[in-house]
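The values are calculated or read from the model by the stated rules, or taken from the named source; none is laboratory data. These figures come from a predicted structure and were not determined experimentally. A quick note on method: Cβ atoms are made from the backbone with ideal geometry, for glycine too, and the neighbour counts reach across all protein chains shown.
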Amino acid sequence: MTKLLRFIFFRMIVRFIVLVGLGLNIRRRELLPKQGPAIIVANHNSHLDTMVLMSLLEPALLDRVQPVAAMDYFMKNRLLAWFSSNILRIVPLARQFKAHDNPLKPVHDALEAGKILILFPEGSRGEPEQMKAFKKGIARLAQAHPEVPVIPVYMHGLGTALPKGEALFVPFFCDVFVGQARYYDNTRNDYLQQLQEQMYQLESEYKAGHAGGVY
Amino acid sequence: MDFLHIAQPLVWSLAGLFGLLFIASGIVRVMTRTQPHKDYSELSQRVSSWWIMISVFSAALLLSKNLSLLMFGLISFLALKEYFSMIPTRRTDRRVLFWAYLAIPMQYYWVSTGWYGLFIIFIPVYMFLLLPTRMLLIGDTRKFLSSLSTIHWGLMTLVFSISHVAFLMALPDTINPSAGSAGLVLYLVFLTQFNDVAQYSWGKLFGKRKIMPSVSPNKTWAGFVGGVITTSGLAVALAGLLTPMSLLQSAMAGLIISVAGFLGDVTISALKRDIGVKDCGNLLPGHGGMLDRIDSLTFSAPLFFHFIYYLYY
């Protein structure tokens, strides 16, 4: 039943909003993962980020894809918790934890089960269209799963269409630039820096074609 | 069902249009086959997009008036979305932009009820006053004028102007006994798009002296003059079939459509040059975005509409 609801939500409602309400300009869509396990990392501007990414993957992958999301926010009340676990099917991440706990355990488990994870290494949505430094967790994950491809995706426009703290959706075209998959090789710090650098390159690729932007 | 009452001239014209498409597809096929070393992929994409656009347009035109209005409303929406995504906007303008979008269903609703009085003043007067009011309530004065004028310019060009095609459709069929109001819409839209192609082709064949080098380096005098003459000729030839116009009137209509079409085209070119983009989107492969396709219509639609409205309504 929830599988059907999930299908209706993503393949119909979200797809319709994404196609008509937003409109996408995608570059290198073919680089998105076609099988699990994989990690998609993206910059985070809006609740729409996850929706757009999930609607971009091949329909057959819908059962495999799970966004990694903050437990305190997405489980804060019963309705949201139901939606988060049954429709979005989030992998909950505890933001406050005790020293001996491993908050990444559910994420490791999901990767071992062959899932495609959507992860926002900036941590939160923050200021619209302003990229923040990546948190270290992503490097830790990549190190533990060196065989899993990490695919960086830069998105722009969703923070204008539906920014943090706003409930009013305003149509805007949204750009999605997919980068080459990156596997863990050297040290965690280097890895994190290279991933971040790759994201900045995707951002400058976007900026090169858009002189308009924000006043 | 009004499907059975479709005016014959309309059917013949649309059949002719599809005939032209077949010829264009044939030419592209021959060109790619005889000159395999050249890249005709953009041309081929362009023709494929034409197939889709003309099919949707014909279907809407034949099926019902309200469906046609819905189509033009959707065209306005897609073009306005491209425009708002392209121009610089302020974060504080989100709510203003929301009202600007809301003007689309309202404007097309006035059209559907045939309320000319409101149709003609809604965007130039009411939206013109509403947008700054909404902005004042938000209270951001930085870049106030730039923001206000760009938003309203978009509404005028992509909603108000384009809705004139829709109002042409909403006029009673009695003003054009032979082909109905749909005939007038087809006449305007076909000639505007034909003029684009004609100007491009004449320019490619004989173009030397540039007409507006600083705005659009590809536009030449030969293209412009050749386009005006061919479009006006075709306007005269098609007038008997699709419109109630006399010989002289249709020649004037052709002149209006071709000159206005050219001006609309270069106006959007100037805008893109100012912003620093090549195309407004990728909605129509080979053409760019919706805004790239309807650029000429933004000028030709209101002018042709008022010409017809003055003469026949």
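A count restricted to region B:58-97 and to residues that are assigned to a helix (DSSP H, G or I), touching a Ser or Thr at 6+ places or on another chain (Cβ under 6 Å) and under 16 Å from residue A:172 (Cβ atoms) stands at 1. Per the listing B:308, B:229, the residue uniquely assigned to a helix (DSSP H, G or I), over 19 Å from the mean Cα position of the chain (by Cα) and of a type in the set (A, V, I, L, M) is B:229.
Can you tell me how many residues within region B:272-313 are under 27 Å from residue B:168 (Cα atoms), out of contact with any Asp or Glu (no Cβ under 7 Å at 6 or more places or on another chain) and within 14 Å of chain A (Cβ to nearest Cβ)?
Residues of region B:272-313 that are under 27 Å from residue B:168 (Cα atoms), as a first pass: B:280, B:283-284, B:287-313.
Going one step further and asking which of them are out of contact with any Asp or Glu (no Cβ under 7 Å at 6 or more places or on another chain), we end up with B:283-284, B:287, B:293-294, B:297-313.
Checking the rest, the ones that are also within 14 Å of chain A (Cβ to nearest Cβ) come to B:283-284.
Summing the residues that are under 27 Å from residue B:168 (Cα atoms), out of contact with any Asp or Glu (no Cβ under 7 Å at 6 or more places or on another chain) and within 14 Å of chain A (Cβ to nearest Cβ) in region B:272-313 gives 2.
Working only within region B:100-114, note down all residues that are more than 8 Å from chain A (Cβ to nearest Cβ), assigned to a helix (DSSP H, G or I) and not polar (S, T, N, Q).
Matches in region B:100-114: B:100, B:102, B:103, B:104, B:105, B:106, B:108, B:109, B:110, B:111.
Out of B:27, B:52, one residue alone is closer than 21 Å to residue B:189 by Cα and either surrounded by fewer than 15 Cβ atoms within 10 Å (Cβ to Cβ) or among the acidic types (Asp, Glu) (or both). It is B:52.
So that you can scan it fast, the table gives a plain yes or no per residue for (1) crowded, with 19+ Cβ neighbours inside 10 Å; (2) over 30 Å from residue B:115 (Cα atoms); (3) among the acidic types (Asp, Glu):
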| residue | (1), (2), (3) |
| --- | --- |
| B:186 | yes, no, no |
| B:233 | no, yes, no |
| B:263 | no, no, no |
| B:283 | yes, yes, no |
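Of the strands (runs of 3 or more DSSP E) contained entirely in region A:3-77, those carrying at least 1 residues that are surrounded by 13 or more Cβ atoms within 10 Å (Cβ to Cβ) and more than 14 Å from chain B (Cβ to nearest Cβ) fall at A:38-42, A:65-70. Return the residues of region B:39-59 that are free of Cβ contacts under 8 Å to residues at least 40 places away in the same chain and either over 19 Å from the mean Cα position of the chain (by Cα) or under 17 Å from residue B:172 (Cα atoms) (or both); say none if nothing qualifies. Across region B:39-59, the qualifying residues are B:39, B:40, B:41. Can you find a residue that is assigned to a helix (DSSP H, G or I) and more than 16 Å from residue B:284 (Cα to Cα) anywhere in region B:45-53? Within region B:45-53, none of the residues are assigned to a helix (DSSP H, G or I) and more than 16 Å from residue B:284 (Cα to Cα). Scanning region A:136-167 for residues that are at pLDDT below 85 and either crowded, with 19+ Cβ neighbours inside 10 Å or under 23 Å from residue A:65 (Cα atoms) (or both) yields A:136, A:137.
For region A:166-179, residues that are in contact with a strand residue (DSSP E or B) (Cβ under 8 Å, 6 or more places away or on another chain) and assigned to a loop (DSSP other than H, G, I, E, B) total 2.
Candidates B:78, B:97, B:148: the one that is in contact (Cβ under 8 Å) with a residue 12 or more places away in the chain, touching a strand residue (DSSP E or B) at 6+ places or on another chain (Cβ under 9 Å) and within 13 Å of chain A (Cβ to nearest Cβ) is B:97. All told, residue B:147 meets the bar of being at pLDDT 90 or above, surrounded by 22 or more Cβ atoms within 10 Å (Cβ to Cβ) and among the polar types (S, T, N, Q).
Of all residues being part of a loop (DSSP other than H, G, I, E, B) and either closer than 17 Å to residue A:41 by Cβ or in contact with a Lys or Arg (Cβ under 7 Å, 6 or more places away or on another chain) (or both) in region A:140-165, which is nearest to the other protein chains (Cβ to nearest Cβ)? Just the residue, please.
Of the residues in region A:140-165, the ones part of a loop (DSSP other than H, G, I, E, B) are A:145-149, A:157, A:162-165.
Then drop every residue that is not either closer than 17 Å to residue A:41 by Cβ or in contact with a Lys or Arg (Cβ under 7 Å, 6 or more places away or on another chain) (or both), which leaves A:145-149, A:164.
Numbers: A:145: 35, A:146: 36, A:147: 35, A:148: 32, A:149: 27, A:164: 12 Å.
Result: A:164.
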